[in-house]
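Enquirer: Let me give you the structure first, and then I'll get to my questions.
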Amino acid sequence: MMSDQHKEDIPAAGAEPEAAESFAEMLEKSSRQTGKLHPGQKVRADVVSISGDLVYIDLGGKSEGVIDLSEFTDKEGNVTVKTGDSIEAFFVAVQNGTRKLTTLMNGYSTASLNGIREAFEAGLPVNGEVRREVKGGFEISVGGVRCFCPFSQIDLKGGREGGVYLGMTFPFKIFEFKENGKNIVLSRRALLEQERLEKFEAFKNTISVGMEVPVTVVSIQKFGAFVDLGWVDGLIPVSELAWERVANASDVLSVGQKITAKVLSLNWDTNRITLSLKAMLPDPWLNISEKYPADTKVNGVITRLTSFGAFVRLEPGIEGLVHISNLGAGRRINHPKEVVETGQQVEVYVLSSDKDARKISLSMQPKVEPKKVVLPAVGDLIDGVVEKVMPFGVFVKMSIGINGLIPNSETGTPSGTDLKKLFPAGSAVQCAVLEVETATNKVRLSRKALLEKSDQDEYKEYINSAKKDDAASGGLGSLGDLLRAKMDEKRQSA
């Protein structure tokens, strides 16, 4: 049974052959009026009728197209389309004056060599059965027509797995159609790559940084593990496998293992996705200050030795550093290996912990608070021992345990004096305190002030003695005379 539209297109009976237009000519004329379809072009059209084993669709104007009813029939034989439905289809070719279309973009079914040619020209895939393995590939039957598919084109990773594909039916893209169909080369891989690309583009819109996604481990390398996200692979770097240091990714993961990871970064320019397994675990550094306060004694294992110290593992993901200066129990060492070794169980003391910097400073000895130094006051007299003489002054180890400095100007010696001879190292010296900096424990001393103070004391003592002598002698001589005489005596003795 033919639709009314087709009936209108048929020439009237008895028309002259020269004047009558063939159905194909009328169809081509209609195509020029409504816009010519190109092989493989996708159209949306309404179903106008269903007749026999064909579904007729409206292509605009007075033109119709046909699609095999089998494309709309389920396994139980039920027709899944009805008049008025809007469908999408792909133009194949004009067959016997009729525009042939298909909805099977992923595998057009044809049972003729001509149908294969039309699918090739339309860029449509065809369904084919893998019949047998031949030299270099597989023999594929497309509707009874023998075709060839190379090993490298049967799958994304090649198809040298023997009989895995035998007897199976797949859609294939027609790569070559030569020698009038005697040389037909197919590719399943091209369709799989196209499908993968389309799904990958759709996948890009569904994933974002911070998402937790299910993945499958596909490869393990020194630098990490590659995982399959469905349509693209991602990388979990070895540093993102756990909070603790991981030497080999195989210690944590195995090929084929299914896990959930968090997306760290997306780079669509390089199609690189970086994920993290440790981001799925609690951060052990969050409460580090409360867990390891200063002066806490803890046990750990030496994990690494460096020139500047030893790293100690306190728990998974938490390592602290014993600086080399805190390893020798007061004695100088050149390398940590002189006192500890990797794998050694040790008892250490926490000096400080920093959550933001992710650092814990440790020591092999408990922290010893320095003795509080009681600084002298300005004007105090201090005993000490000469430590060394420098161009700018003399350092004195004071009896209170710290050093003080006598500047050159405060030594009480004439300019050019050899201070090293006058103040030999180890000699005792007494000084007066000139200045004290409490913030830095710096003390400036003076010998000159001490000498001046000594002269003043002697003068006062002499005045008091003179007054007593004057009173005892009844006022013989003036105080000035006595003073001059005393000073003369002192000069002569000097």
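The values are calculated or read from the model by the stated rules, or taken from the named source; none is laboratory data. Quantities reported herein were computed from a predicted structural model and do not represent experimental measurements. So basically every Cβ, Gly included, is an ideal-geometry build from the backbone, and we count neighbours across all protein chains shown.
Enquirer: List every residue pair whose Cβ atoms sit under 7 Å apart, with the two residues 6 or more apart in sequence or on different chains, where the first one lies in the stretch 81-103 and is in the same structural domain as ASP58 (by TED's automatic domain parsing) and crowded, with 17+ Cβ neighbours inside 10 Å and the second, anywhere, is of a type in the set (Phe, Trp, Tyr) and not in a strand (DSSP E or B).
Expert: Taking only residues 6 or more apart or on different chains, the pairs are VAL81/PHE72.
Enquirer: Of the residues TRP231, TRP243, which single one is buried (at least 17 other Cβ atoms within 10 Å of the Cβ), part of a loop (DSSP other than H, G, I, E, B) and not assigned by TED's automatic domain parsing to the domain that holds GLU319?
Expert: Only one candidate qualifies: TRP243.
Enquirer: Residues that are touching a Leu at 6+ places or on another chain (Cβ under 8 Å), exposed (fewer than 15 other Cβ atoms within 10 Å of the Cβ) and among the polar types (S, T, N, Q): does the stretch 324-335 have at least one?
Expert: No, there is no match, as no residue in the stretch 324-335 is touching a Leu at 6+ places or on another chain (Cβ under 8 Å), exposed (fewer than 15 other Cβ atoms within 10 Å of the Cβ) and among the polar types (S, T, N, Q).
Enquirer: In the stretch 104-126, what residues are under 51 Å from the mean Cα position of the chain (by Cα), buried (at least 16 other Cβ atoms within 10 Å of the Cβ) and either assigned to a strand (DSSP E or B) or at pLDDT below 80 (or both)?
Expert: Residues satisfying the conditions are LEU104, MET105, GLY107, TYR108, SER109, ALA122, VAL126.
Enquirer: Now for a separate question. Which condition does ARG132 not pass, out of (1) closer than 19 Å to PHE175 by Cβ; (2) outside the structural domain of VAL43 (by TED's automatic domain parsing), if it passes all the others?
Expert: So ARG132 meets the others, but not (1).
Enquirer: Within the stretch 168-192, count every residue that is touching an Asp or Glu at 6+ places or on another chain (Cβ under 7 Å), of a type outside the set (A, V, I, L, M, F, W, C) and not in a helix (DSSP H, G or I).
Expert: Here the count works out to 3.
Enquirer: Across the stretch 282-299, which residue is nearest to VAL252 (Cα to Cα) among those that are within 25 Å of the chain's Cα centre (by Cα) and surrounded by fewer than 13 Cβ atoms within 10 Å (Cβ to Cβ)?
Expert: Filtering first and then ranking leaves PRO282.
Enquirer: Go through the stretch 127-151 residue by residue and tally those that are of a type outside the set (Ser, Thr, Tyr), assigned to a strand (DSSP E or B) and over 15 Å from ARG189 (Cβ atoms).
Expert: Going through the stretch 127-151 one residue at a time, the tally reaches 10.
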